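Enquirer: Just dropping this structure here.
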Amino acid sequence: MTTRLGVAFMAMLLGLYLLLLGQRAVILLLSGEPVGVSMGVALLVLPLIGVWALVRELLFGIRTERMAGILSAEGGLPVDDLPKLASGRPVRAAADAIFPRYRAEVDAAPDDWRAWFRLGLAYDASGDRRRARATLRRSISLWRGSRS
């Protein structure tokens, strides 16, 4: 629950920032000066990119949360019994040791979103956030395709 409140708060702050940035862009566009108009156009593009990134990240979080709920209800989420560091992160060697199991699961069923989701969790436990996110995005794509 606190994570959701934190995300909502940060999204509201970013929204306020983008709104103020957009307001400044309009002021610069209306100045009529070539430099002001150029800067105004640039400042209009930045909020659009920010909104796109915000929406994309929020959808990523919502979809992965739904998928985790489905897997939890099915009993398909991996048990979180890895030894932890003081920071709460799993011990890398232990996470790396279970990784081949989830990789083999994806190799055996490449179109199964559940296998990809578990592999994404394994990447995350191993500390590879970039691959974890890419794998979870692949899982989301398969999940959305299976619902159609």
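The values are calculated or read from the model by the stated rules, or taken from the named source; none is laboratory data. No experiment lies behind these values; they were computed from the predicted model shown. Backbone-built Cβ (ideal geometry, glycine too); neighbour counts: all protein chains shown. Heavy atoms of the whole protein, side chains included, go into the accessibility calculation; ligands, DNA and RNA do not. Shrake-Rupley method; radii C 1.70, N 1.55, O 1.52, S 1.80 Å.
Enquirer: How many residues are under 30 Å from Ile62 (Cα atoms) and open to solvent by 70 Å² or more (accessible area, probe 1.4 Å) when one looks only at segment 8-43? Outline the logic, then answer.
Expert: As a first pass, look at segment 8-43 and keep what is under 30 Å from Ile62 (Cα atoms): 8-23, 43.
When the remaining residues are screened for being open to solvent by 70 Å² or more (accessible area, probe 1.4 Å), the result is 9-10, 12-13, 16-17, 19-20, 23.
Residues in segment 8-43 being under 30 Å from Ile62 (Cα atoms) and open to solvent by 70 Å² or more (accessible area, probe 1.4 Å): 9 in total.
Enquirer: Any residue that is at pLDDT below 90, of a type outside the set (Ser, Thr, Tyr) and either under 15 Å from the mean Cα position of the chain (by Cα) or closer than 30 Å to Ser146 by Cα (or both) - is there at least one of those in segment 11-27?
Expert: yes
Rundown of residues vs (1) open to solvent by 80 Å² or more (accessible area, probe 1.4 Å); (2) in a loop (DSSP other than H, G, I, E, B); (3) within 21 Å of Arg133 (Cβ to Cβ), yes/no style:
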| position | (1), (2), (3) |
| --- | --- |
| Ile49 | yes, no, yes |
| Arg56 | yes, no, yes |
| Asp80 | yes, yes, yes |
| Ala97 | no, no, no |
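Enquirer: Six or more apart or on different chains, Cβ under 9 Å: which pairs go from a residue in segment 11-39 that's over 21 Å from Trp52 (Cβ atoms) to one that's open to solvent by less than 60 Å² (accessible area, probe 1.4 Å) and of a type in the set (Val, Ile, Thr)? Could you list them?
Expert: If the second residue must be open to solvent by less than 60 Å² (accessible area, probe 1.4 Å) and of a type in the set (Val, Ile, Thr), the pairs left are Leu28/Val37; Leu30/Val37; Ser31/Val37.
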